[in-house]
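J.: Let me begin by handing over the structure; questions about it come next.
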Amino acid sequence: MSAALYAKVRRVVPPMEWAVFEPDIEAILRLKRDRNAVILAHNYMTPEIFHCVADIVGDSLHLAREAQRVQADVIVMAGVHFMAETAKMLNPQASVLIPDLEAGCSLASSITAADVRLLRLRYPGVPVVTYVNTSAAVKAESDICCTSGNARRVIESLGVPEVIMLPDRYLAANVARETGVKIISWAGSCEVHERFTPAQIRTLRAENPGVVVLAHPECKPEVVAESDFAGSTAAMAEYVTDRQPGRVVLITECSMADNIAVLHPDIDFVRPCNLCPHMKRITLPKLRATLETLTHEVTIDPAVADRARLAVERMLAV
Ligand code: 13P
Ligand code: SF4
């Protein structure tokens, strides 16, 4: 079992690291069976989590859809807190656990429910579209949610000339360029993606001739403008699988390239590295401890959960 797993990740995990990971991986696989647990892992998890212990992997949208479908007593979210909350909303019967309660997100912490209520007073009648990277309390104040994978579709589904789109100013600006709908945004940003600059993309191109540049839409519009394609983490993975570029760079969190590189040994991945400190709080030892102790359980006030669920379910229906 271990040898087969190591064969999957050996291009990105050195043997010395594997020796450290192996006991935790074996324990986690055993505990998942004992607890009737399923691990959902975001594309930004490190390869030993993504390829060796996760049952379902993907972008925020895919994880939300799958959380709704999962039949297990326990869902462990190998991702950040808002993802665990979304899973709990969509699968309230399951016990949803997160290995580290401090795994937050700079976007989620940029806005509160009270801020949304004030925006509604200022722009009466304008629908509120909320990025899933927000707390359940903020989702509860919203009309509909979106992810980076469906933002344009969600906005256009409303059939209105103007929307409030929260809280990522760059995602809002990037979507505004693709649609005729007027977008009122908020001043939030992703601390990982906002560090990329257009000059960095130009240098990457000069140093790596022929490189195809894929950027996440949480990057600044001027970074997206320097790129060949912009899309969610799942859309970037799909681009690589479908188009098989000879050389590619993913303008997003570091682990993403490691995880896809494992599946495409013939593609040259250029790897500038911006780590998400929140995603990186999730480690194999913490996943093991979560399954051993069944902590930390994510709970949502039922009144908030019911309203937030509506906004998420409206998104899933688009
Ligand atoms: P997606 O996986 O939905 O593209 O989101 C990226 C992200 O930053 C999640 O925290
Ligand atoms: Fe939040 Fe950015 Fe980290 Fe995603 S990568 S969890 S958006 S801080």
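J.: Would you please name the residue that is nearest to ligand 1 (Cβ to nearest atom), looking only at residues in the range 187-203 that are closer than 22 Å to Ala173 by Cβ and part of a helix (DSSP H, G or I)?
T.: Ranking the qualifying residues of the range 187-203, first place goes to His193.
J.: Name the pairs whose Cβ atoms lie under 9 Å apart, with the first residue in the range 191-217 and under 15 Å from Asp228 (Cα atoms) and modelled with pLDDT of 95 or more, the second among the basic types (Lys, Arg) and away from ligand 2 (no atom under 16 Å from the Cβ), and 6 or more positions between them or separate chains?
T.: From the range 191-217, the pairs are Asn208/Arg247; Pro209/Arg247; Gly210/Arg247; Val211/Arg205; Val211/Arg247; Val212/Arg243; Val212/Arg247; Val213/Arg205.
J.: Specify the residue that is surrounded by the most Cβ atoms within 10 Å (Cβ to Cβ); the eligible residues are those in the range 84-104 that are closer than 19 Å to Ala311 by Cβ and touching a helix residue (DSSP H, G or I) at 6+ places or on another chain (Cβ under 6 Å). Reasoning before the result, please.
T.: Of the range 84-104, the ones closer than 19 Å to Ala311 by Cβ are 84-92, 96.
Imposing the further condition that a residue be touching a helix residue (DSSP H, G or I) at 6+ places or on another chain (Cβ under 6 Å) reduces the set to 85-87, 89-91, 96.
Numbers: Glu85: 27, Thr86: 30, Ala87: 27, Met89: 27, Leu90: 23, Asn91: 19, Val96: 26.
Per the criteria, the residue is Thr86.
J.: Filter the range 273-311 for residues that are surrounded by 18 or more Cβ atoms within 10 Å (Cβ to Cβ), part of a helix (DSSP H, G or I) and either polar (S, T, N, Q) or in contact with a Ser or Thr (Cβ under 6 Å, 6 or more places away or on another chain) (or both) and give the result.
T.: The answer is Thr290, Ala311.
J.: Would you point out the residue of the range 166-190, among those that are of a type in the set (D, E, K, R) and without any contact (Cβ under 8 Å) to a residue 40 or more places away in the chain, that is surrounded by the fewest Cβ atoms within 10 Å (Cβ to Cβ)?
T.: Selected residue: Lys182.
The values are calculated or read from the model by the stated rules, or taken from the named source; none is laboratory data. Given the structure is predicted, the values throughout are model-derived calculations rather than measurements. As a convention, Cβ positions derive from the backbone with ideal geometry for all residues, glycine included, and neighbour counts pool all protein chains shown.
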